[in-house]
1. It is to be established whether one or more residues within segment 180-201 are touching a His at 6+ places or on another chain (Cβ under 8 Å) and closer than 28 Å to residue 10 by Cβ.
2. Examine segment 60-77 for a residue that is touching a Leu at 6+ places or on another chain (Cβ under 7 Å) and either under 18 Å from residue 140 (Cβ atoms) or of a type in the set (Asp, Glu) (or both), and state whether such a residue exists.
3. What's the total number of residues in segment 203-214 that are surrounded by fewer than 19 Cβ atoms within 10 Å (Cβ to Cβ) and farther than 17 Å from residue 138 by Cα?
4. Quick check on this structure: which one of 38, 78 is more than 29 Å from residue 242 (Cα to Cα), within 20 Å of the chain's Cα centre (by Cα) and not small (Gly, Ala, Ser)?
5. Collect the residues in segment 170-189 that are surrounded by fewer than 22 Cβ atoms within 10 Å (Cβ to Cβ) and farther than 12 Å from residue 201 by Cα, keeping them in residue-number order.
6. Under 8 Å between Cβ atoms, at least 6 apart or on separate chains: pull out the pairs that start in segment 1-26 with a residue that is in contact (Cβ under 8 Å) with a residue 60 or more places away in the chain and under 14 Å from residue 111 (Cβ atoms) and end on any residue that is among the hydrophobic types (A, V, I, L, M, F, W, C) and in a loop (DSSP other than H, G, I, E, B).
7. I'd like the residue in segment 107-118 that is in contact (Cβ under 8 Å) with a residue 24 or more places away in the chain and farther than 12 Å from residue 29 by Cβ and, out of all such residues, is surrounded by the most Cβ atoms within 10 Å (Cβ to Cβ).
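Computed from the coordinates by the stated procedures, all read-outs in this text should not be read as laboratory data. Bear in mind that the values here come from a model prediction, so they are computed numbers and not experimental data. Positions of Cβ are backbone-derived with ideal geometry, glycine not excepted, and every protein chain shown enters the neighbour counts.
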Amino acid sequence: MGEMVDLTNSGNSFAAYVARPSGEVKGGIIVIHEIWGLVEHVKSIADRFAKEGYVALAPNLIETGLTEAMARELQQELFDPKRRTAAQPKIRELMTPMQAPDFGAKTLANVQECFSYISGLDGVNDRVGIMGFCFGGTYSFSLAVHEPRLKVALPFYGHSDFSVEELKAITCPIQAFYGEQDERLMASLPELKTNMAEAGVDFSAQVYPDCGHAFFNDTNPFAYNKAAASDAWDKTLSFIAKSFA
């Protein structure tokens, strides 16, 4: 359904997948991947948005060097209790580029370029939202802080470490999604709720029982929760429609 395009930000080029609806355009959605990069699972989410009438842009923000099969195997190792320990060194190696001092600023700038690109597409008319998973959820929070024209943010199991003063820059509603067994994010969620409320942000958090991190990823049998993923997708579409109205 979609096609690959090349985007450029300050001389830095990166690839992105664009899926377009066949009929009327209801708006645009940026879809940000997990640490595995732009895998087919993420492209399939963009395609799902296109079927619902939205232009979807899924950039590749991390050059992992992994093939599709390697990424799928590594994520399954990470979530399999019997193989998790063996996967840890591979994960650390995968995340090495993210430790570079300029990685965060460069990645945010690339996400902002995605916003500029999708905003200019026919039919979008400044109705732009962002959805992201883990790594992508974190940058969904970040774009909400740095882009006042954003209409909605939907971070899935993302991390936010912004201060209350920084959160005050957010102008769009945020609907976040979590798995109850995702202990690290569950531990930080009460403080995030407090900070969002103090900053005056329209923030809501949907927490699903009996699942943990990456519950939306249907390519990971150890993490995927069909009931939670289905409900989250329905809530996502409803929240976007309300935010774009």
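1. no
2. Yes, because at least one residue in segment 60-77 is touching a Leu at 6+ places or on another chain (Cβ under 7 Å) and either under 18 Å from residue 140 (Cβ atoms) or of a type in the set (Asp, Glu) (or both).
3. The total comes to 2.
4. Just a single option satisfies the conditions, and that option is 78.
5. 180, 181, 182, 183, 184, 186, 187, 188, 189
6. Correct list of pairs: 14/61; 16/38.
7. Restricting to residues being in contact (Cβ under 8 Å) with a residue 24 or more places away in the chain and farther than 12 Å from residue 29 by Cβ, the top hit is 111.
Table: residues versus (1) under 21 Å from residue 48 (Cβ atoms); (2) charged (D, E, K, R); (3) under 17 Å from the mean Cα position of the chain (by Cα).
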{"site": "157", "(1), (2), (3)": "yes, no, yes"}
{"site": "204", "(1), (2), (3)": "no, no, yes"}
{"site": "208", "(1), (2), (3)": "yes, no, no"}
{"site": "211", "(1), (2), (3)": "yes, no, no"}
{"site": "236", "(1), (2), (3)": "yes, no, yes"}
